[in-house]
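Asks: Starting off with a structure, shown below.
The values are calculated or read from the model by the stated rules, or taken from the named source; none is laboratory data. Quick caveat, the model's predicted, so the values are computed rather than measured. Cβ atoms come from the backbone with ideal geometry, glycine included; neighbour counts cover every protein chain shown.
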Amino acid sequence: MVAENNPGALMGATGAGKPVHASAEGSRKIAQTTRPNKAGTPYRVTPIIGEPFRIVVTGRVRWALDRLRIAGAAGCTPITEPAPRWSGYVFSLRDMGVAIETITEPHGGEFAGHHARYVLRCQAAPDWKGGAQ
């Protein structure tokens with residue numbers, strides 16, 4: 001019997017011989033919708049070399065840009081500013097032309113290894129006037 005080999009089966013776990021899932025038979029198919037189009041927040045980015053430009057960021061990418069701005073020359077690490085995908089946020093910002101340096105640092109502890117420190121290498125400020133790009 002299944003229950004003898006699988007103690008979880010006694011509690012109705014998957015594989016217990018009785019299905020524990022819902023059936024959607026006869027229900028309409030509902031298409032996945034995309035997220036609503038959010039306007040985002042405009043920022044004016046002034047690189048060390050080159051002309052200033054404007055970007056518009058939303059969500060976690062905006063959050064990451066704000067954290068980098070506040071951190072200044074000290075930069076941010078996933079250890080000091082926990083977030084699920086720092087590398088992804090930095091990738092998105094770099095794709096928009098924002099200069100961000102990655103510094104690899106070792107760390108000790110139970111799970112010793114290395115981590116990234118991200119440092120903003122340009123000026124970025126909210127552009128509430130919404131000037132031309």
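Asks: Working only within region 54-103, note down all residues that are modelled with pLDDT of 95 or more, farther than 20 Å from residue 41 by Cα and β-branched (Val, Ile, Thr).
Replies: If the condition is that a residue be modelled with pLDDT of 95 or more, farther than 20 Å from residue 41 by Cα and β-branched (Val, Ile, Thr), then 102, 103 are the ones that fit.
Asks: Out of 13, 9, 3, report the one residue that is of a type in the set (A, V, I, L, M, F, W, C), at pLDDT below 90 and part of a loop (DSSP other than H, G, I, E, B).
Replies: After ruling out the rest, the residue left standing is 13.
Asks: Taking region 88-133 as the search range and keeping residues that are closer than 22 Å to residue 60 by Cα and among the acidic types (Asp, Glu), which one is nearest to the chain's Cα centre (by Cα)?
Replies: Within region 88-133, the match that is nearest to the chain's Cα centre (by Cα) is 95.
Asks: List every residue pair whose Cβ atoms lie under 7 Å apart, where the two residues are 6 or more positions apart in sequence or sit on different chains, the first residue falls within region 72-93 and is under 14 Å from residue 120 (Cα atoms), and the second residue, located anywhere, is surrounded by 12 or more Cβ atoms within 10 Å (Cβ to Cβ) and of a type in the set (Phe, Trp, Tyr).
Replies: 75/118; 76/118; 86/118; 90/118
Asks: If you don't mind, another one. Need at least 3 residues that are small (Gly, Ala, Ser) per element, so show me which strands (runs of 3 or more DSSP E) inside region 40-133 make the cut, counting only ones lying wholly within it.
Replies: Once the strands (runs of 3 or more DSSP E) in region 40-133 are filtered for at least 3 residues that are small (Gly, Ala, Ser), nothing remains.
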